[in-house]
Structures are given as structure tokens and as C-alpha cells.
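Participant: Take a look at this one; I'll ask things after.
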């Protein structure tokens with residue numbers, strides 16, 4: 001597994017509405033938690049995603065994958081660790097670890113494409129790319 | 001209870017992800033079903049909401065209420081009946097009944113305000129108001 | 001408006017996935033935030049809802065209402081204030097205020113019925129009822 | 001790309017609440033649509049998932065991946081094609097294609113582990129495995 005040299009860490013409480021009748025958080029809920037992770041990382045790096053969008057750049061998710069080892073439960077306090085797996089001129093991949101008391105519950109990544117409001121592909125603005133370089137993971 | 005003289009009817013299957021650990025559809029899921037109801041009613045009335053928005057009018061939900069008598073379960077086929085409860089110059093209230101095999105599971109209403117893209121209050125365009133008049137409910 | 005004498009306060013960040021194409025938090029998202037509010041209130045009162053459920057008592061939402069005055073936006077830090085509006089032998093109503101920097105965005109309430117695992121109506125366990133009495137609102 | 005020899009096909013309308021402020025269906029929504037796909041496939045194969053669960057077998061999602069080529073929009077009628085990618089003694093992978101008027105919007109897969117109510121790993125009941133064999137994909 002890749003090593004997160006520098007990461008953004010945030011904690012969430014699993015909401016009741018995020019569970020399903022198996023009694024664990026529905027697998028789609030994790031994707032909402034990852035949004036909090038990358039939103040936080042970008043803000044910490046000095047470029048709030050809200051501002052990136054207002055600047056005319058969007059970073060839609062074009063691909064994602066998630067592996068759940070242990071299900072998170074209602075009211076669990078879950079820790080989301082976020083780093084940057086790959087940075088290319090026009091795409092960006094975030095990597096995530098979900099933990100509960102240092103036990104690894106899930107791993108995931110989301111790949112984003114930089115586009116403008118009219119959905120034309122763009123280069124990631126260099127100041128944003130530079131700001132997130134410190135969060136690049138190392139091979140394990 | 002009000003009588004639905006003319007109504008739009010649609011059916012949905014309860015999704016697994018809409019359940020929670022009580023084993024019934026989470027109470028927030030109903031709001032998503034109601035969207036299908038009023039989207040269908042408006043389209044049947046000749047004014048698809050997609051087109052209303054593209055014409056510069058938005059109908060955000062400003063108030064809602066829902067009463068659940070019997071919980072809907074995973075894979076239940078649920079029938080959503082939608083009518084118009086109140087029509088005013090700038091607001092509009094839809095009324096909903098949720099049924100499973102003619103058993104009433106829930107009732108609800110959503111109130112919408114007509115605004116433009118900049119969130120300024122507007123009159124509901126008269127052609128839309130006229131088109132939905134036939135869906136107005138009668139006092140029970 | 002009722003006065004919250006004692007309340008539980010929690011803050012959330014609006015998630016991207018909670019927005020809709022109007023650019024504000026979808027009206028169903030508020031219901032998920034309210035869950036965090038009452039979960040927190042109950043835990044603060046000494047009866048985590050997780051434990052209440054494990055003790056065989058469920059508190060499903062049987063009715064709810066919400067009034068949105070100003071839409072919450074992506075990445076907004078939103079404050080949820082929760083108190084108890086009504087306490088009866090078998091039902092319980094929570095009241096909520098949603099604020100952003102002391103501006104009132106929305107008000108709401110959710111009514112809960114106490115049932116057992118087989119959906120039989122029960123009295124709210126007295127120790128729980130007593131513990132939440134301090135959170136009862138005053139008439140405004 | 002793999003060829004779907006036999007598949008289950010279902011159609012959904014994209015709900016307003018499934019969109020986000022980019023104006024397309026949020027990437028997590030697709031996972032809910034896939035549930036409808038595999039629920040339908042299993043029912044068509046003679047083993048409704050509801051019955052499988054009541055028989056004491058659960059098929060939680062332990063891994064998933066999705067690639068979005070074109071975003072689905074509000075009110076789009078979207079076609080979900082579901083087949084079985086891999087069938088092993090204790091795991092099962094469904095494969096999905098999302099289309100709008102024969103244009104491919106997204107591809108995905110979900111991997112499921114067979115467990116009992118106490119989360120012990122189990123063999124997939126042979127009658128279920130046999131029933132879904134006809135839905136196995138062919139290499140492209």
C-alpha cells in the first residue's frame with residue numbers, strides 16, 4: 001500500500017441515514033465522506049474547492065474505486081485520511097484511507113478531470129497543482 | 001383528507017440504499033420520491049420542470065411536511081400520487097400520497113417558491129399555473 | 001418562535017453531494033443533519049441512541065416538517081441547534097434551528113414514536129424521558 | 001470490453017436530488033441505480049434478494065469501481081444493463097453499463113461477499129449460483 005507522507009485528516013460521525021438494513025454504512029456513503037477529505041485537503045493547501053469552481057475550473061469525478069474491509073456503523077467516529085496519488089496535467093487522483101481507532105476500514109481513490117463550465121478539458125491551474133504536490137504519496 | 005380529483009401517479013421500487021438499519025426506507029427518501037411525482041405531473045401538464053428551469057424559473061422547496069403511517073420496505077413497489085394543493089401567484093404546494101397496494105403509507109406536501117436564477121421572487125408563469133389547475137385538490 | 005432554554009449544538013460542513021443543481025443543499029439533506037443533532041442531544045443526556053436501540057427501543061420518525069428560509073451552500077459551516085419540543089408517554093418531538101453565522105437558515109421538527117423491534121408501541125423508558133426534560137423548549 | 005450475453009435491463013429517471021451543483025447526477029447516485037440492476041437480475045433469475053436475505057444470506061458490497069464517461073442529467077431516462085462478471089464460491093461480481101439512448105455513459109462493477117447474519121463468510125447457495133450462470137459475461 002502507498003505511504004501517505006503528508007495527508008489531510010478529518011473525522012465524521014456515521015449518520016443513521018447513512019446506514020442500510022444490513023446495519024452498516026451503505027457503500028455509497030463513503031463517497032460523500034471522501035468529498036469532505038479532498039475539500040479539506042484543498043482548503044489546507046490554500047485553494048478551497050469553492051474558490052476553484054468560482055474561478056471557472058471544475059474537478060468532476062470521472063472514475064472511482066473503493067474497497068471495504070470492515071463496515072462502519074451508526075455513530076462510529078470515522079477518520080478519513082486523504083492524500084494525492086497522481087497528479088497529471090489535466091487529471092488528479094486522490095487516495096483515501098478510512099479508519100476507526102487506527103483499524104483500517106476501507107481504502108479508495110477518486111480520479112478527477114479538470115474542465116471548464118462548458119465541460120472543455122483544461123490543464124489544472126499550475127498554482128493548484130503546485131500547492132498539492134506535498135500531499136503526493138510515496139510507493140509503499 | 002383532501003380528495004385528489006386529478007393526480008399524477010408513478011411507481012417506484014424502494015432501493016436497498018434507501019433503507020436504514022431499522023429495515024425500512026429512511027424518512028428522507030420519501031422526499032426524493034415526491035420529486036419524481038411532481039416532475040411527472042409537470043411534464044404531463046405540458047411543462048417539464050427541466051424546461052421551466054431552462055426558461056429561467058426555479059421552484060425551490062421552501063417548506064415541507066411528511067407523515068409516515070407505515071414504513072416502506074426494500075423492494076416494495078410503492079405508488080406515489082401527486083396533486084396540487086394550493087396555487088398562489090408566487091407559491092405552489094404539491095400534495096402527495098404514498099401507497100402500497102392501496103394501503104396508505106404516508107402523506108406529505110411540499111411548498112415551492114418561484115424565483116429566478118438570482119433568487120429574486122417571481123410570479124409563477126401564467127401558462128404553467130393554468131396548466132396545473134386541473135390537478136387542484138378538493139376539500140375532503 | 002419557541003425559545004431553546006437548553007440545546008445541543010453541533011456543526012457540519014455542507015458536502016458537495018448534498019447540493020443539487022440549484023447550487024444549494026438539497027432539502028432532504030437537512031433531515032440527515034437533524035439526525036446528528038438529536039443523536040448528539042441524546043448522548044449528551046446520557047443515553048446514546050445506539051444504546052437505546054440495543055436496549056430494544058426504537059424511535060422511528062413518524063412525522064416531520066421543515067421550513068427553509070435561506071439555502072445552505074456547499075462548504076458552508078452550518079450550526080444545528082436541537083432541543084425537545086414535546087415529550088409524551090409514547091412520542092417525542094425534537095425541534096431544530098439551522099444557522100450560519102447566527103443567521104437563521106431553517107427551522108424544523110421531527111416526531112418520533114417509541115416502538116420495540118416488532119414495531120409494537122411502547123412507553124418511552126422513564127430514565128430516557130427524565131434525562132431529556134432539561135432540553136424542553138419554552139413558549140416564545 | 002466484456003460482452004453481455006444475457007443481461008437484466010432496467011430504466012430509471014434521474015431525480016433532482018441526485019444532481020449536484022455541477023448540474024449532473026452525483027457520482028454516488030450511480031451506486032443506487034446499480035442496486036436496482038442487480039435486484040432485478042436476481043429476481044428475474046428466480047431469487048429475489050429480499051428472499052436471499054430472509055434465508056440468512058447477505059451479499060454486502062466489499063469492493064466497487066465506476067468509470068463515468070458522460071454525466072447523466074436531471075430527468076434523463078437512463079438504462080442500466082446488469083450482468084455477472086465473475087462467480088466464485090464465496091464472492092460474486094456484477095458488471096454494469098449505464099446508457100442514454102444507446103450512448104454509453106458509464107461502466108462499473110461491484111463485488112459482493114456472501115456472509116451470514118453474524119458476518120461469517122459463507123458459500124453462495126448453489127441454487128443461487130446456478131440461477132445466475134446464464135448472466136455470465138463473455139470476454140470481448
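The values are calculated or read from the model by the stated rules, or taken from the named source; none is laboratory data. Please read all numbers here as calculations on a predicted model, not as lab measurements. Note that each Cβ is placed from the backbone with ideal geometry, even for glycine, and that neighbours are counted across all protein chains shown.
Participant: Testing residue A:28 on (1) in contact with a strand residue (DSSP E or B) (Cβ under 6 Å, 6 or more places away or on another chain); (2) farther than 23 Å from residue C:11 by Cβ; (3) without any contact (Cβ under 8 Å) to a residue 40 or more places away in the chain, one condition comes back false. Which one is that?
Facilitator: Failing condition for residue A:28: (1).
Participant: Of everything in segment B:8-23, what is surrounded by 21 or more Cβ atoms within 10 Å (Cβ to Cβ) and within 15 Å of the chain's Cα centre (by Cα)? Give them in sequence order.
Facilitator: Within segment B:8-23, B:8, B:12 qualify.
Participant: Would you be able to say whether some residue in segment A:53-60 is more than 16 Å from residue A:34 (Cβ to Cβ), outside any strand (DSSP E or B), facing chain D (nearest Cβ under 10 Å) and at pLDDT 95 or above? Steps first, answer last, please.
Facilitator: Initially, segment A:53-60 is screened for residues more than 16 Å from residue A:34 (Cβ to Cβ), giving A:53-58.
When the remaining residues are screened for being outside any strand (DSSP E or B), the result is A:53-57.
From what's left, facing chain D (nearest Cβ under 10 Å): A:53.
Narrowing the set further to residues that are at pLDDT 95 or above leaves A:53.
Checked segment A:53-60: at least one residue is more than 16 Å from residue A:34 (Cβ to Cβ), outside any strand (DSSP E or B), facing chain D (nearest Cβ under 10 Å) and at pLDDT 95 or above.
Participant: Of all residues in segment C:1-25, count the ones that are touching a strand residue (DSSP E or B) at 6+ places or on another chain (Cβ under 8 Å), within 14 Å of chain B (Cβ to nearest Cβ) and under 14 Å from residue C:105 (Cα atoms).
Facilitator: 1
Participant: Could you pull out the residue among C:83, C:45 that is in contact (Cβ under 8 Å) with a residue 40 or more places away in the chain and more than 13 Å from the chain's Cα centre (by Cα)?
Facilitator: C:45
Participant: Taking the condition of being in contact with a strand residue (DSSP E or B) (Cβ under 7 Å, 6 or more places away or on another chain) and more than 11 Å from residue D:135 (Cβ to Cβ), how many residues in segment D:74-100 meet it? Can you show your working first?
Facilitator: Restricting attention to segment D:74-100, the residues satisfying the condition of being in contact with a strand residue (DSSP E or B) (Cβ under 7 Å, 6 or more places away or on another chain) are D:74-87, D:90-100.
Filter again for more than 11 Å from residue D:135 (Cβ to Cβ), leaving D:74-80, D:86, D:90-91, D:93, D:96-100.
So the count comes out to 16.
Participant: Of everything in segment A:61-78, what is farther than 20 Å from residue D:61 by Cα, buried (at least 18 other Cβ atoms within 10 Å of the Cβ) and more than 12 Å from chain D (Cβ to nearest Cβ)? Give them in sequence order.
Facilitator: Within segment A:61-78, just A:75 meets the criteria.
Participant: On to the next question. Only one of (1) touching a helix residue (DSSP H, G or I) at 6+ places or on another chain (Cβ under 8 Å); (2) facing another protein chain (nearest Cβ under 9 Å); (3) within 17 Å of residue A:85 (Cβ to Cβ); (4) assigned to a helix (DSSP H, G or I) fails for residue A:43. Which number is that?
Facilitator: Unmet for residue A:43, out of (1) touching a helix residue (DSSP H, G or I) at 6+ places or on another chain (Cβ under 8 Å); (2) facing another protein chain (nearest Cβ under 9 Å); (3) within 17 Å of residue A:85 (Cβ to Cβ); (4) assigned to a helix (DSSP H, G or I): (3).
Participant: If you don't mind, another one. Have a look at A:110, A:82, A:93 and point out the one that is in contact with a helix residue (DSSP H, G or I) (Cβ under 9 Å, 6 or more places away or on another chain), closer than 30 Å to residue D:91 by Cβ and within 14 Å of chain D (Cβ to nearest Cβ).
Facilitator: A:110
Participant: Here's something else I'd like to know. Which condition from (1) within 14 Å of chain B (Cβ to nearest Cβ); (2) over 15 Å from the mean Cα position of the chain (by Cα); (3) farther than 27 Å from residue A:73 by Cα is the one that residue C:102 breaks?
Facilitator: Evaluating residue C:102 over (1) within 14 Å of chain B (Cβ to nearest Cβ); (2) over 15 Å from the mean Cα position of the chain (by Cα); (3) farther than 27 Å from residue A:73 by Cα leaves (1) as the failure.
Participant: On the given criteria, is residue A:38 modelled with pLDDT of 95 or more and surrounded by fewer than 19 Cβ atoms within 10 Å (Cβ to Cβ)? Quick ask: steps written out before the conclusion?
Facilitator: Numbers: modelled with pLDDT of 95 or more: yes; surrounded by fewer than 19 Cβ atoms within 10 Å (Cβ to Cβ): no.
So residue A:38 fails the test.
Participant: Kindly list the number of the only condition in (1) surrounded by fewer than 20 Cβ atoms within 10 Å (Cβ to Cβ); (2) part of a helix (DSSP H, G or I); (3) more than 10 Å from chain A (Cβ to nearest Cβ) that fails for residue D:33.
Facilitator: (1)
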